[in-house]
Every structure is written in C-alpha cells, then in structure tokens.
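Trainee: First, the structure itself, so that you have it in front of you.
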Amino acid sequence: MSATTPDQDDLAYDVFAKACPSRGTLEHVTGRWGGLTLGALYEGSLRFNELRRRVDGVSEKMLSQTLHALERDGLVHREAQPTNPPRVDYELTHLGRQVAGRLLALIHCVEGAMDDVLAARARYDETRGGL
C-alpha cells in the first residue's frame, strides 16, 4: 500500500490498488446512478417507483441493479412489507447516510459552479471548433 497522506498510513485498503475491494464500492457510489440514488435516499425512505421518479432518466433495470449493489455494500437497506401487493421501501443505512452526505456536498459544489463550468465549456468549444 502506498499512502499519500499521514491520515492514510493506518488504512487497510487502498482504492488506487487494482485488486482493492474498496474500488468496487467507490464505483457503485460514484457511478451515475449510484450517486443520484444515494442523494435521493438522503431525503428519506422511498419506494421503488418513487425513487425511479426522483432519479429522472434511470431505467427500471438500472435502478434495480444499482439498489442491489448499494444494498450489498451496506449502504442501502431494503425492507419488504408482507402486504398484497408487496410493499418495498429503501432507505440509507448509517454508513449510507455518511457517504451520501459527502456526495451531496460534492453535488452542491458542482451545481453552484455551473455558471463557471458552462462558461469554460463555451470557451473551450470556441477555441477547439466546438463538439
């Protein structure tokens, strides 16, 4: 393991190492649908279709795969109610809330900087002939 900061000296995992299991979890959390799903669930417990509406653009299949991965990683809790029809609610675990809180800080940072990002894109496109 190659630590880059003093705080990392005691870590047992190194996401920069190809075989480190933390890399898969990082991919689940920072992937397009994982980050948005965690952010949506930070607002509170949601049923599958409520979550699908909140994460605009995600397919049923991708949301299902994302939820399975996040549940397996211990970030999301799935609760099935024995009713007819069955009711399934999804909520963040304690760890999921910690991770989602950090993701939301990043999301808010990006949203707050979008005027600068759009201006930078326009400058880039102007000098490079557009995309």
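The values are calculated or read from the model by the stated rules, or taken from the named source; none is laboratory data. Keep in mind that what you see is a predicted model, and the values were worked out from it rather than measured. As a convention, Cβ positions derive from the backbone with ideal geometry for all residues, glycine included, and neighbour counts pool all protein chains shown. We work out accessible area using only protein heavy atoms, side chains counted, and drop any ligands, DNA or RNA first. Shrake-Rupley method; radii C 1.70, N 1.55, O 1.52, S 1.80 Å.
Trainee: Starting from the stretch 44-55, take each residue that is over 14 Å from ARG78 (Cβ atoms) and list its partners that are of a type in the set (Val, Ile, Thr), counting only C-beta distances under 6 angstrom and pairs at least six apart or across chains.
Mentor: VAL55/THR37
Trainee: Evaluate the following for GLN81: is it over 27 Å from ARG23 (Cα atoms), of a type in the set (S, T, N, Q) and either within 12 Å of the chain's Cα centre (by Cα) or at pLDDT below 95 (or both)?
Mentor: On the way: over 27 Å from ARG23 (Cα atoms): yes; of a type in the set (S, T, N, Q): yes; either within 12 Å of the chain's Cα centre (by Cα) or at pLDDT below 95 (or both): yes.
So GLN81 passes the test.
To keep it simple, each residue is scored yes or no on (1) of a type in the set (Ser, Thr, Tyr); (2) on the phi > 0 side of the Ramachandran plot; (3) in contact with a Phe, Trp or Tyr (Cβ under 9 Å, 6 or more places away or on another chain); (4) in contact (Cβ under 8 Å) with a residue 40 or more places away in the chain.
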| residue | (1), (2), (3), (4) |
| --- | --- |
| PRO82 | no, no, no, no |
| GLU91 | no, no, no, yes |
| HIS94 | no, no, no, no |
| LEU104 | no, no, yes, yes |
| HIS108 | no, no, no, no |
| TYR124 | yes, no, no, no |
| GLY129 | no, yes, no, no |
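Trainee: Could you list, in sequence order, the residues of the stretch 1-18 that are in contact with a Leu (Cβ under 9 Å, 6 or more places away or on another chain) and either open to solvent by 60 Å² or more (accessible area, probe 1.4 Å) or modelled with pLDDT of 90 or more (or both)? Quick ask: steps written out before the conclusion?
Mentor: Here is the first cut: in the stretch 1-18, the residues in contact with a Leu (Cβ under 9 Å, 6 or more places away or on another chain) are 1, 3, 15.
Matches in the stretch 1-18: MET1, VAL15.
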